[in-house]
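S.K.: Mind looking over this structure? Questions follow.
What follows is calculated from the coordinates using simple rules that are stated; it is not laboratory data. Source: prediction; values computed, not measured. All Cβ positions, even for glycine, are placed from backbone atoms using ideal geometry, and neighbour counts span all protein chains on display.
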Amino acid sequence: MFYWLSMTSSSLARTDDQSLEMAFNLSATLNVAKLLWAPSLCMPQMTIKSFGELPVPIASHIKGVVVDKDNCFARDGDDKVWPEYQQTWDKLHAYYQDRLLIVSNSAGTNDDKGYKQALSLESSTGAPVLRHSTKKPGCYEEIMAYYHKWDIQPNEIAVVGDRLFTDIMMANTMGAYGVWVREGVELSTKMFPSIERNLYDRMKNK
Ligand SMILES: [Mg+2]
């Protein structure tokens, strides 16, 4: 447990931008410390295999939906809805309208120069992309600022994403409803998603 948590911290800190590296390293370290204290912070309230399985409405108390992009509704690195999920996306967008918000750790962040990716994504999906300087799981204040005009509370927000250490941990930290997309467009063989699936199976069987 201690071994992979320390690996998580050091690897998350690797980025090309030195100042970002320092900021993100601090955020990652703090969140890893939280996980160590309470591993249940990365356990979702709902698990689906892929975005196409998302129920609409998600639950009767949900008024706002934060949705992740990479390997959630889009293929990793792509800026449009994966064709098989278009019907689900349209239904979700029609139901939640402007209260459907894309929060990505690529598009809309400081890594997205001139917010080109965010603009392209907004144009292809019709949904707003949050501009945020802090990456998930640390950007819940920026998310709450977006929902302020509707007076939507954290427990009325669903966070949908494929990553337990970012999407679902943020959902639990802010008191929202976490929906974990376990496989996404493609089952990732990367180290962290594999560690997350392993952790989930262990925690679930406890
Ligand atoms: Mg993702």
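S.K.: Before anything else, pin down the relative contact order of the stretch 41-205: Cα pairs under 8 Å, at least 6 apart, normalised by residue count, whole percent. Spell out each step's value before the answer.
M.R.: Working: 290 pairs, mean separation 53.2, N = 165.
For the stretch 41-205, the relative contact order is 32 percent.
S.K.: Which of the listed residues, 179, 35, 77, is farthest toward the dipole's positive end in the chain, when Lys, Arg count +1 and Asp, Glu count -1 at the beta-carbon?
M.R.: Highest projection toward the positive end goes to 35.
S.K.: Residues with amide H under 5 Å of residue 177's amide H, sequence separation 5 or more or different chain, H placed in the peptide plane at 1.01 Å from N; which?
M.R.: 157, 158, 159
S.K.: A follow-up question, please. Considering only 170, 43, 144, give the residue with the highest GNM mean-square fluctuation for the chain, with springs between Cα atoms whenever their separation is below 10 Å.
M.R.: 144
S.K.: Residue by residue through the stretch 97-104, what is 3J(HN,Hα) from phi via Karplus (6.51 cos²θ - 1.76 cosθ + 1.60, θ = phi - 60°)? Round to whole Hz and write x for glycine and proline.
M.R.: Here the 3J(HN,Hα) series is 6, 6, 8, 9, 10, 8, 10, 10 Hz.
S.K.: What does the charge dipole of the chain about its Cα centre add up to, to the nearest 20 debye, if the Cβ of each Lys and Arg holds +1 and the Cβ of each Asp and Glu holds -1? Walk me through the numbers on the way to the answer.
M.R.: Working: 22 positive and 25 negative charges, 98 e Å.
Computed about the Cα centre, the dipole is about 480 debye.
S.K.: By count of other Cβ within 10 Å, fewest leading, how are 150, 89 ordered? Don't jump to the answer; show the numbers that get you there.
M.R.: Numbers: 150 12, 89 23.
Ordered from fewest to most neighbouring Cβ atoms within 10 Å, 150, 89 come out as 150, 89.
S.K.: Any idea how far the Cα center of the stretch 148-167 sits from the one of the stretch 61-93, in Å?
M.R.: Rounded to whole Å, the Cα centres lie 14 Å apart.
S.K.: Less than 21 Å apart at the alpha-carbon level, and either on another chain or at least 8 residues along: which lysines does that give for residue 206?
M.R.: In chain and number order, the partners are 34.
S.K.: Scan around residue 100 for amide H atoms under 5 Å from its own, H built in the peptide plane at 1.01 Å from N, and keep only partners 5 or more places away or cross-chain.
M.R.: 65
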